[in-house]
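Quick notes on the structure that follows.
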Protein chains: 2
Amino acid sequence: MNGAESLIRTLVAGGVEVCFANPGTSEMHLVAALDQVTPDHADQMRCVLGLFEGVVTGAADGYARMVEKPACTLLHLGPGFSNGLANLHNASRAQIPMVNLIGQHPASHLRYDTPLASDVEAFARPYSRWLRTSQKASETGRDAADAIVAARTQPGQIATLIVPADVAWSEGGAVPAIPPVPRAPLPSAENIEHAAAMLRSGVRTALLLSGDTLYGKGLAAAGRIAAATGAKLLAPYPFARLERGAGVPVAERIHYPLEQAVDQLREFRQLILVGASAPVAYFAYPDKSSVLTQPECGIFTLARPGEDYVGAVESLEDALSSRGKSSSGKSPSGASPSGTSVVAAKAERASLPSGEITLQGIAGSVGATLPENAIVCDESMTSGRGLMAATRGAPPHDWLACTGGSIGIAMPQAVGAAVACPDRRVLCLTADGSGMYTLQAIWTMARENLNVTTVVFANRVYGVLKREFSGLKLGEPGPRALSLFEIGRPDLDWVSLAKGMGVPATRPTTVEAFQQALRNGFEGEGPSLIQVDV
Amino acid sequence: MNGAESLIRTLVAGGVEVCFANPGTSEMHLVAALDQVTPDHADQMRCVLGLFEGVVTGAADGYARMVEKPACTLLHLGPGFSNGLANLHNASRAQIPMVNLIGQHPASHLRYDTPLASDVEAFARPYSRWLRTSQKASETGRDAADAIVAARTQPGQIATLIVPADVAWSEGGAVPAIPPVPRAPLPSAENIEHAAAMLRSGVRTALLLSGDTLYGKGLAAAGRIAAATGAKLLAPYPFARLERGAGVPVAERIHYPLEQAVDQLREFRQLILVGASAPVAYFAYPDKSSVLTQPECGIFTLARPGEDYVGAVESLEDALSSRGKSSSGKSPSGASPSGTSVVAAKAERASLPSGEITLQGIAGSVGATLPENAIVCDESMTSGRGLMAATRGAPPHDWLACTGGSIGIAMPQAVGAAVACPDRRVLCLTADGSGMYTLQAIWTMARENLNVTTVVFANRVYGVLKREFSGLKLGEPGPRALSLFEIGRPDLDWVSLAKGMGVPATRPTTVEAFQQALRNGFEGEGPSLIQVDV
């Protein structure tokens, strides 16, 4: 068994089931090894090709957000990996597990400084919580096992393994046992009791959740705490995954615009952080503080990255319902506070709007048609502000956001989410500006026949930039500034772009036609795209 | 004057005339400053928007290759800059001048580790020969001046200036005088005499040229040396720019496949390097040496990066024609060796092929129609092997190659070359695999109405990978490998993709129709695209 085969077999043994890939010449032995897992693992290690590496890393991120375990990526040397960095930035902020495999030349070849030689480790270091260059074939299996464990260590980390071609092709590989993933520790009992005391104090308090406390049993427990104590649940603006809809406890997203966020947080005198950082503005502005909370707001970290977020929230619930009880278990059902409805969203479909295309009409249509259990990948930028309000009472669904502010993630993320959850419908909300960074994802949707309905808000402008320019009081944009803000001349025609990559697309001109296109997308097989001119 | 304005004014004063850009929120003051050079420089600092950063850096590279001076890029924080890295890899290998401007958060904002915070310097360091983060507005003009000087230092370097937003918006900026660019030194007289002695020795010798000795007066001087001494002129496979065609001295490109290159170089017992590295294979293979020359071939470096390549070749010519003469001037015309025709290409148009589309027919058609003074940006990959032979005797033209092996450069490069040389025609040769990495460049061609004719060779496969897999004796590719090599299912429809970005396109099915489409492109105004299914 060569190093490459030991690597892939170890990944399969470690539960890595999908490889999002854009390989190159130096990764040919790894590609060959992908087929060597057959036939004993015929249904394992699904390979999904992206025609650009930003699609690959964004898809691995979307996948991990939904299944809470790593996919692997397979990328070509420094330049190929570099193309994936922008979405790795988002993935690192999302705190999700991912295993990157990057090819490298043998040291004997690198010393000639050949055309594709580069310092792969230098590019990989900033976003990789675990980074190693495999040194010999006999160690590659162990390297892969260590990468899996690193990736799966709470709250989820990016692990990058660089594989020189000679390590991949040399004999001597072995498949080791996968070491257990270290269990994330609970916060100290003192921390939990301190948070409980804050919640009992009667002072206006919010819990700022993150990671796996924004869905599933973590959010359910937080919802019960909120119902019992009157605390508010908040989600960071750049959350990774948020469960929402009818009957789901509401974690209110912190606003993006600085002033709105400050207003939103003004009432709180106490803020309890669960995995999240203290809320700050996206960007800096002259003469403004980056901090969104009031100076008199006490901020307390209940759980920090590496600790068990869900366990922390459940322990907090325990501590609140029964002083002095062990904080290790779940609250007994009898002790669950009633009144969950106080903080859960009411089932309430938006009524079907009609008429000309407006942002409100689009948002209402999404709210009225979103299928139960949908996954929404949202990068609709300035055009999408009304969408979360309009879907608040829709059937339960998951919402995935751009966690790192690096635009060009929604379509790749939708690919990954759809691969992860073939039984769920994915709604991808993007825009003409953000969509263009990684439009190659449309091809992968077609190749894999994914049930993704993509809506492209086409407003022919980098709306964020125009708004920020104005907000900075820089006057009317001059001709050069306008040429950098406006992305019309020519207007992007997404129906043709989608057709060029094998995805059927429409461009409705009324809200009714938009609704019909949405329904067709949600009920049909495979991907579709809808351009809405706004 | 704030820091941003001092920066842009300094760039304009330093002769930087074009800004290829994809800015973000943190660069708004820089964007505003771009318009402040008006009205006294109304025709200066042309801003060219790319909808993806790989277009921006690739265009700046193509521009610099043609005008031998830097454009600036304007990029958004770490993630935006990262998207430009793959083509910066190519640019760094091309040894061209470029000034990158990257926004950064103020230190007061970075300390909160906000969503878009990243270590921009870490990503910029590997390809930047000069790198600085501007510290205050009063120094930003000087930083820009230093960046220009660094970029223009021979043979051309990537200079990267990181500009924190508060440095850009603070008052106190000043526009300094631009220091002179240090003159590149000639190689030592001993080196020149040593090379001359090698050429006089009668041993079979080649000159491996690079940089600015592959066109213009450098290539002309090398051609006279070759004619006088019988030495052969070679170009690296990954050359930056090669002048060729009727009457131009022939610098033969070293082949890409390892075995072919070894055969090509087998006859030489001496190799003189002018700026180039000793020839090595692109990739490493089991049990094969990376070195392409024979062990008994003596390799001598006449000029290394930082030295004056053209001066070195001219001095070598002097030394050959008149021993002991000063090596600082040009060879007097009377001393020029005759017999230039021995090494110059004969004027010889390919005859017009006809019939079904074949690679040979495509290559012949290009050879038969290429306009005088054209610029060819070539990333046609496995489909384009016959193109250089077919254009050998066409009217003089420049050929730009992918210097770093990071594919996805041809279309961005064509944008930059067309911006640099509005009076010349650009032929962009790309492929369905390579083209997809940076297809957003098509939009910029339309936005700027550039005279670029793009030919996309659509073979529905990463042909290089399939060939290398086979060459490595890995057997028949299995289903997973095939799914990563084949890029059909669905086939990319470049006519629709181009239409989606505002560029008219055709898909001829005969060679005659292909020729007509080429002629239409060469004679019409603005961009066009031709998909050929091969």
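Here are the numbers for the structure shown:
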| read-out | value |
| --- | --- |
| Residue that is polar (S, T, N, Q), in contact with a strand residue (DSSP E or B) (Cβ under 6 Å, 6 or more places away or on another chain) and farther than 21 Å from A:R244 by Cα, where the choices are A:S483, A:S470, A:S406 | A:S483 |
| Scan of the stretch B:91-116 for residues that are within 8 Å of chain A (Cβ to nearest Cβ) and within 18 Å of A:G404 (Cα to Cα), ordered by number | B:H105, B:P106, B:H109, B:Y112, B:D113, B:T114, B:P115, B:L116 |
| Filtered residue count, the stretch A:1-39, keeping only those that are part of a helix (DSSP H, G or I) and in contact with a His (Cβ under 7 Å, 6 or more places away or on another chain) | 4 |
| Qualifying residue in the stretch A:117-133 (condition: touching a His at 6+ places or on another chain (Cβ under 8 Å), at the interface with chain B (Cβ under 10 Å from one of its Cβ atoms) and in a helix (DSSP H, G or I)) | yes |
| Residues of the stretch B:306-335 that turn out to be modelled with pLDDT of 95 or more and crowded, with 18+ Cβ neighbours inside 10 Å, as a count | 14 |
| Qualifying positions in the stretch A:449-497 - within 8 Å of chain B (Cβ to nearest Cβ) and among the acidic types (D, E) | A:E468, A:D491, A:D493 |
| Selection within the stretch B:453-467 - in contact with a Ser or Thr (Cβ under 8 Å, 6 or more places away or on another chain) and either part of a strand (DSSP E or B) or without any contact (Cβ under 8 Å) to a residue 12 or more places away in the chain (or both) | B:T453, B:T454, B:V455, B:V456, B:F457 |
| Residues being over 22 Å from the mean Cα position of the chain (by Cα) and part of a strand (DSSP E or B) - total across the stretch B:199-245 | 3 |
| Scope the stretch B:291-305; condition crowded, with 21+ Cβ neighbours inside 10 Å and among the hydroxyl-bearing types (S, T, Y); matching residues | B:T293 |
| Residue within the stretch B:465-488 that is modelled with pLDDT of 95 or more, of a type in the set (V, I, T) and not assigned by TED's automatic domain parsing to the domain that holds B:C19 present | yes |
| Of the criteria (1) at pLDDT 95 or above; (2) out of contact with any strand residue (DSSP E or B) (no Cβ under 7 Å at 6 or more places or on another chain); (3) surrounded by fewer than 24 Cβ atoms within 10 Å (Cβ to Cβ), which one A:R385 fails | (1) |
| Odd one out for A:V99, checked against (1) free of Cβ contacts under 8 Å to residues at least 12 places away in the same chain; (2) closer than 17 Å to A:L85 by Cβ; (3) in contact with a Pro (Cβ under 6 Å, 6 or more places away or on another chain) | (1) |
| Scope the stretch A:20-47; condition more than 8 Å from chain B (Cβ to nearest Cβ), under 22 Å from B:D491 (Cα atoms) and among the hydrophobic types (A, V, I, L, M, F, W, C); matching residues | A:F20 |
| Scope the stretch B:263-292; condition more than 18 Å from B:P155 (Cβ to Cβ), within 12 Å of chain A (Cβ to nearest Cβ) and polar (S, T, N, Q); matching residues | B:S289, B:S290 |
| Filter result for the condition that a residue is buried (at least 20 other Cβ atoms within 10 Å of the Cβ) and more than 30 Å from A:E5 (Cα to Cα), over A:L209, A:L186, A:L161 | A:L209 |
| Residue within the stretch A:402-414 that is away from every other protein chain (no Cβ under 14 Å), in contact (Cβ under 8 Å) with a residue 24 or more places away in the chain, hydrophobic (A, V, I, L, M, F, W, C) and crowded, with 24+ Cβ neighbours inside 10 Å present | yes |
| Single residue of A:L51, A:L88 found to be assigned to a loop (DSSP other than H, G, I, E, B), among the aliphatic types (A, V, I, L, M), within 9 Å of another protein chain (Cβ to nearest Cβ) and farther than 15 Å from A:A144 by Cβ | A:L51 |
| Matching residues in the stretch A:274-314 - criterion: being in contact (Cβ under 8 Å) with a residue 40 or more places away in the chain, of a type in the set (A, V, I, L, M, F, W, C) and not in a loop (DSSP other than H, G, I, E, B) | A:V274, A:F300, A:L302, A:A303, A:V310, A:A312, A:V313 |
| Count of residues meeting criterion [touching a Leu at 6+ places or on another chain (Cβ under 8 Å), in a helix (DSSP H, G or I) and over 13 Å from B:A368 (Cα atoms)] in the stretch B:379-403 | 2 |
| The one condition in (1) in contact with a Pro (Cβ under 9 Å, 6 or more places away or on another chain); (2) in a loop (DSSP other than H, G, I, E, B); (3) farther than 30 Å from B:L439 by Cα; (4) not small (G, A, S) that B:V167 fails to fulfil | (2) |
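The values are calculated or read from the model by the stated rules, or taken from the named source; none is laboratory data. Predicted model only: the values in this text are computed from it and were never measured. For neighbour counting, all protein chains shown are included, and Cβ atoms are generated from backbone atoms with ideal geometry for every residue, glycine included.
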